[in-house]
Structure formats: structure tokens, C-alpha cells
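Please treat every number below as a calculation from the coordinates, not as lab data. The structure presented is a predicted model; accordingly, all values stated were derived computationally and were not measured. Cβ coordinates were reconstructed from backbone atoms using ideal geometry, including for glycine residues, and neighbour counts include every protein chain displayed.
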Amino acid sequence: MKRVIIDTDPGIDDAAAILMTLGSPELNVEALTTVFGNTPVENCTVNALRILEAANRADIPVFQGASRPYNYAEPAFAATIHGVDGLGDVDLPTPSTAAQKRNAVIEMIDRIMASPGDITVLAIGRLTNVALAIAVEPDFAQAVREVVVMGGAVNVPGNATPTASANLYGDPEAADIVYRSGAKVVQIGLDVCEQVEISAAQQARLWAADTPATRFMQRITPFIQGAYERRGRLNNPGGVRYNDVPAVSYAIDPTLFECKDLPVQIETQGAHTRGQTVANQRNDAEAEPNARVAFGVDAARLTQLWVERVAAV
């Protein structure tokens, strides 16, 4: 089993991704660390607890992390996509469990440094916690097995701006630190996320499983589905996209993806390009790759895997 920490900002698509990991025997989810993003970090922490309770996995600890970007700017949230509470504003009950008292960044550092080379961070939110861990512990980047990043847009437009994806635009300075750190970075961005859509028929099969986890997903999905429909981002009637699902799918089965090792820089200064992933695809001999970037995906196999794994929770 691959040991993983999920660094997350739940988020409807985070819920879909977390439940997939919990139904996957390939992964041992050791902790959830929360970061601001789709909603304030306090909401993200409550939502992480809600997701774990829906999966009957309250044994997994939750640690709250950064509430603002690395440069302490005002955070931006995504209420129009995920709802004010982050999970579709469907009046979910307050979780019966609580987060741990320890800060997420300290916990992440201690776990990674205690098992160098063993633990993967699934970074499906802003990269603030990971960047802070790198800044605090000089050996963190070499000790983490890999950082799988949900974010970036190379050959497709961004979803936060014309050039930038939401997670990297939400904290470009943190993303820049992570990509320059020497850590093994895998970028699962919009180049593949936009190819992965759960069909209405697949959703119906999952809802028919009628478990606490599938009922949870069925309840929160209409909000993000409606938001994407209004923006013309769906390809099929009744479909839905959960952009965090491909990133955790990479941890489960990398053969789902076609990737290239490329030099990637994060734009932090541009007035119109802040947060952009600038990937050098020119095959320059002197340009050293620092990220594995996904461009292709077996969407049919991945979406079927999501249905199977969430149904198994």
C-alpha cells in the first residue's frame, strides 16, 4: 500500500477524490491536512471531518493548516462552484468528531521526516501547506516520496483566469516554492481534468449503491454540476466533473496517464498571467525537468474506477 497524506480544501470535488482514495486498497490514507481554498480553512476542516464520517473513517486524523496564502494576501474562495460552506450548501450536519490540535504543517513535516522516501502528498488544494513545510524543514523536499499536484494548465486555458488554474492562482508564491524545491512533482492539471467527466449513467449506478458515502456524494453533487452547466464546461447532458479525482487516480494507477517530464515555472509577477504554469516544451538541452506533467488520460477507465471505488467505501 502506498502511504499518502491528502492536503485538501474540501470542496465538492475534494469529497469525490477523498472517498475514492478511501475505497482504494492501493492507498493507505494516514492523515488529512486542510488548507484554505474552496472555502475558508475552518470550513474546509469541518468538511474533511464530514467526509470521513460519511465513509465511516473517523479514525483518520485531520489537521488544520494555512488560512491565507504564503505572502499573507487576502484569500479568494470558490462559493460559486462549491457553495458558501464548500459542500453545496445542503445543510449537512455538524460532524461528531474534531480536528487534532496540532498544526497541519508541523504534522506533515514530522510524518514525512520520520519516513523519508515513503509518503506521498496528494496536494489537491492550494500549495500553501506544502510550501511552508519546505520553508521550515530544509530536507522536506528530498524526504517526501512525491507531491501530486492538482493544478496547472499547459495546453488548455485556466479556470481561474485565462491562463491559470484555481489552485495555483490561489497561491502562486507557494506553487513557485514547491516547483523549485527539488521535490518530485507530478502535475495533474486541467490538461487531463477537462477530459474526465462522470456520465449521468455512471452517477445513476453509483447512487444505486445507496451507502452513506454515495448518499453524501449524491446530495452535494448538484451544486457543482449546476455551476459547470451554467458555464458551459460540461460535454454531456447530466455529466459532472470532479477535478480533484484525476490527481488521486494517479496515485492509485499512474498507467491511466500519459506524461512528459518538463521544466515548469510558476508565473508570480505577470499582470495577466499570475499563477500560470509555464512549461518548456522546446526540448532545450540545458533546461532540467522539474515536474512530470500529465497530458493524456484513459478517461473511460478512470471514471469507471471512480464509480467502483466510491461504491466500495
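On the Cα set of the chain, report Rg and Dmax in Å, please.
Using the Cα atoms of the chain, the pair Rg, Dmax is 17.7, 55 Å.
With the Cα gyration tensor of region 68-174 giving a ≥ b ≥ c as the square roots of its eigenvalues, does the rule (a/c under 1.5 for rounded; else a/b larger than b/c for prolate; else oblate) give rounded, prolate or oblate?
Values: a/c = 1.97, a/b = 1.21, b/c = 1.63.
It is oblate, given that a/c is not under 1.5 and a/b is not larger than b/c.
Could you work out the local net charge near Val293, counting Lys and Arg as +1, Asp and Glu as -1, over the other residues with Cβ closer than 15 Å to its Cβ? Walk me through the numbers on the way to the answer.
On the way: positive: Lys184, Lys260, Arg282, Arg292; negative: Glu146, Asp191, Glu194, Glu258, Asp261, Glu288.
Once positives and negatives cancel, what remains is -2.
What does the charge count around Leu234 come to, taking other residues whose C-beta lies under 13 Å from its C-beta (Lys +1, Arg +1, Asp -1, Glu -1)? Don't skip to the end; give the middle numbers.
On the way: positive: Arg230, Arg231, Arg233, Arg241; negative: Glu194, Glu197, Glu229.
With Lys, Arg at +1 and Asp, Glu at -1, the neighbours total +1.
Counting only other residues whose beta carbon sits under 12 Å from that of Asp176, what net charge do I get with K and R as +1, D and E as -1? Mind dumping the intermediate values first?
On the way: positive: Arg180, Arg274; negative: Asp171, Glu173, Glu267.
Taking every Cβ under 12 Å from that of Asp176, the sum is -1.
Which of the lysines could a cross-linker span from Lys184 if the Cα-Cα distance has to be under 26 Å and same-chain partners fewer than 8 positions apart are dropped?
Within the straight-line limit of under 26 Å, Lys184 reaches these lysines: Lys2, Lys260.
For a quick check, take a GNM of the chain with Cα springs below 10 Å and name the residue from Val156, Val35, Val130 with the largest mean-square fluctuation.
The residue that fluctuates most here is Val156.
With springs only between Cα atoms under 10 Å, which of Lys184, Lys101, Lys260 fluctuates most in a Gaussian network model of the chain?
Looking only at Lys184, Lys101, Lys260, the biggest GNM fluctuation is shown by Lys101.
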